[in-house]
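Novice: Quick one: the structure is below, and I'll ask about it shortly.
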Amino acid sequence: EPAPRPHPRKQSEGGGCTTSLDRPFVQQEVRWAKEAGKQIITVFEAESHRPGYFDMEQARAKYKGTEFEFVLGIEAIPYQREAAETEEMLESILAKAQGAEAVQAAGSSLNDPGSWEFFLSQHQAMGGDQAKTLHLLLKSRGKTTWYDKAMRDRTEAALEEGVKHSKYFLLMLTAEPATTKQPTK
């Protein structure tokens, strides 16, 4: 029997920050990905002066002993904005996206084409711009993505279908600017 899952509000109280991992839909998507044996690729907002900055050290302390601790053990790729660095980020993502078996489209898929290479998971308010950019970058490389803003159906059933019918689960890690620890000068 699985361990009880603390309410997201309870998780965020003790850690001093609220991250995308506190969001109920992101949590459920991670659970589905784990249950389905999906390879999880993480990208995080690494620039401390940007909204959504994800402090890895603070997050590791916050999620230690929780069901999401494993996510922070995955070697994360820093999100990059500059042209050359963006290309390097994309190459890192594609290098990690190796070896998963092809997935079949859902029998009566809620969104076309019914199977995707990447499912993009993010908290829209904190990581929406980064996820949109990743969607466009991957699309420019001929990759299919389940990206919520590009989907006709965004229901919970459609989310589950997207996770289970994608080869790779790409998780954008961000934190709320008002609650992140600001670096000292």
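Novice: How big is segment 36-138 along each principal axis, measuring the range of its Cα positions in Å and listing the largest first?
Specialist: Extents along the principal axes: 43, 37, 28 Å.
Novice: Ok, one more. Report, in listed order, any pair from Lys38/Lys164; Lys34/Lys139; Lys38/Lys149; Lys143/Lys167; Lys34/Lys167; Lys96/Lys139 with a Cα-Cα distance greater than 19 Å.
Specialist: Where the Cα-Cα span goes over 19 Å, the pairs concerned are Lys34/Lys139; Lys38/Lys149.
Novice: Using the charge dipole of segment 35-179 (Lys, Arg: +1 at Cβ; Asp, Glu: -1 at Cβ; taken about the Cα centre), state which of Ser115, Tyr147, Ala76 has its Cα farthest towards the positive end.
Specialist: Ser115
Novice: Given H placed on each backbone N at 1.01 Å, which residues far from Thr42 in sequence or on other chains put an amide H within less than 5 Å of it?
Specialist: Close amide H contacts, sequence-distant or interchain: Ile77, Leu171.
Novice: Once you place label points 7 Å from the Cα toward the Cβ at Arg31 and Ala83, how far apart are they in nm?
Specialist: Placing both labels 7 Å along Cα→Cβ, they lie 4.5 nm apart.
Novice: Right, something else. Compute the convex hull volume of the Cα atoms of segment 122-174, divide it by the residue count, and report the result per residue in Å³ as a whole number.
Specialist: Numbers: hull volume 4.3 nm³, N = 53.
Here the figure is 82 Å³ per residue.
Novice: What does the extension gain come out to for Ala157 and Ile74, with contour length at 0.36 nm per residue minus their alpha carbon separation? Can you show the working numbers first?
Specialist: Numbers: separation 83, 0.36 × 83 = 29.88 nm, distance 2.68 nm.
Extra length available between Ala157 and Ile74 comes to 27.2 nm.
Novice: Of the options Tyr63, Ala105, Leu90, report the single residue whose Cα projects farthest towards the positive end of the charge dipole of segment 61-185 (beta-carbon charges: Lys, Arg +1; Asp, Glu -1).
Specialist: Tyr63
Values in this text are rule-based calculations from the coordinates and carry no lab data. Predicted model, so just to flag it, every value in this text is computed and none were measured. Neighbour counts are summed over all protein chains in view; Cβ atoms, including those assigned to glycine, are modelled from backbone coordinates with ideal geometry.
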